[in-house]
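Please treat every number below as a calculation from the coordinates, not as lab data. Everything numeric here is computed off the predicted structure, so don't read it as measured data. Here Cβ is always computed from backbone atoms with ideal geometry, including for glycine, and neighbour counts include all displayed protein chains.
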Amino acid sequence: MSQGTWIDHFPGNFMWSNATLVCKAMAPYGAVAIGEIDGICEGLAARGMGDPDAWWQEWCSMAEKNEKIADDAAVDGRDFTAGDHYLRAGNYYYTGERFVPPGERKLAIYRKALRCYQEGLKRRHRNIEFVEVPYEGKTLPAYFMKARGTKSRAPTVVLFDGMDNCKEMSVLFAGLEFARRGMNTLAIDGPGQGEALRLRRIHARHDYEVPGTAAYEFVARRPDVDAKRVIIMGYSFGGYYAPRVAAFERRYAACVCLGALHWDLHAWQSKIKEQLKADPQKSAQSNFQFRWILGLDDSDTALERAKEFSLAGVADKITCPVLVTHGANDRVVPVEAAHRLYAALTTKKKTLKIFTPEEGGAEHCQVDNRPLGIAYIADWIAANL
């Protein structure tokens, strides 16, 4: 295998490189160790890309080492050390689980990831509440991270994930910065995401204003939330969810798309289907991901459902301020999607920010420079509320 770069660790294998980069992006939050990730990648390179079990085994092996250190530290009462290693284990388990097909193995790895994530969050970030958001007779799991340095009602960001990520990541890469700036964050696994999908079998839906309204009403009832300053935000696939919510739930004061989604989702998923047949390594998405989040058994039915996920005739209904950020070199969702969404918006206050290679943050959802992207978003929110 040829030598890769920090962004493309596995030349010719975008699936592995992209997933590795997503995990590396948690380094600024003390939730991974770059040296450990390098060790994982060395193990993968030695085994080669033809081994179907190599990915999850190498990531889980490093996760187990960190989990053992964390468990021992927890028994001894060394909570800060335990918290550090639990968060690292959680991210490694979750990354390893990513390409495992739905089934008992995937579920077992995810349960380990969730346990480690939560044990780490409890010890490292004690301003996080573990909460449940009422939703259609069930509940959606979420974390509420409180704003720092304020006892009054604060602006609050409701943050939904993408197709592959989870609330444990977003509460760290976004919630920490928002809290530092005096904003609360509700990081939530919505339908088709994280814990809601895996443990509760709550699948994705195109009309995301339903969970979006549930999330708004949950935070608006809290005494520490300013109900008139609640922002809806989504990243990656959430770049569809957030504007959909804002179009139909007008109580949100602003909308942030951390990465736009493909304007024509059906065409994108059709392309991925053919791409996966020709060369799976060229795709960031596994061959089961989209149908799995929808709760479907076959890709053809999922392709038909993809037609429902459209912002055509929806984006122009948004009246609140909207921010769309995107990377100029985004290889998951080409930058043209951001321009298309921005052009469709008719709200009086709209902003498009394209991050270039020269300034950083040019990859998908600024995964190559998370702090840069989140700082821009936080500044924009402060200026537009």
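Amide H contacts of residue 256: 232, 233, 234, 323, each under 5 Å away and 5 or more positions distant or on a separate chain (H built 1.01 Å from N in the peptide plane; Pro and chain starts excluded).
Residue-wise HN-Hα couplings along the stretch 312-326, as the Karplus relation 6.51 cos²θ - 1.76 cosθ + 1.60 with θ = phi - 60° gives them from phi, are 5, x, 10, 4, 6, 8, 6, 10, 7, x, 10, 10, 10, 10, 7 Hz; Gly and Pro carry x. Using a cut-off of 30 Å between Cα atoms, the listed pairs 65/106; 282/317; 282/353; 24/151; 307/348 include 282/317; 24/151 as exceeding that distance. Here the extension length gained between residue 281 and residue 115 equals 56.7 nm, from 0.36 nm per residue of separation less the Cα-Cα distance.
Distance from the alpha carbon centroid of the stretch 155-178 to that of the stretch 232-302 works out to 17 angstrom. Among 375, 220, 108, the largest mean-square fluctuation in a Gaussian network model of the chain (Cα springs under 10 Å) belongs to 108. Annotation: extensible slack from residue 348 through residue 307 equals 11.9 nm (criterion: 0.36 nm per residue apart, minus Cα-Cα distance).
Can you compute the FRET efficiency between residue 71 and residue 383 using 1/(1 + (r/R0)^6), with r the Cβ-Cβ distance and R0 = 41 Å? Round to the nearest 0.05. Once rounded, the FRET efficiency stands at 0.35.
Calculated mean residue ellipticity at 222 nm for the chain: -14500 deg cm²/dmol, from DSSP H runs with n ≥ 4 weighted as -39500 (n - 2.57), summed, divided by the residue count and rounded to 500. Amide H contacts of residue 154: 225, 226, each under 5 Å away and 5 or more positions distant or on a separate chain (H built 1.01 Å from N in the peptide plane; Pro and chain starts excluded).
With the simple model of a label 7 Å out from the Cα in the direction of the Cβ, residue 105 to residue 372 spans 3.7 nm. With all projection directions averaged, the alpha carbon convex hull of the stretch 1-124 covers 7.2 nm².
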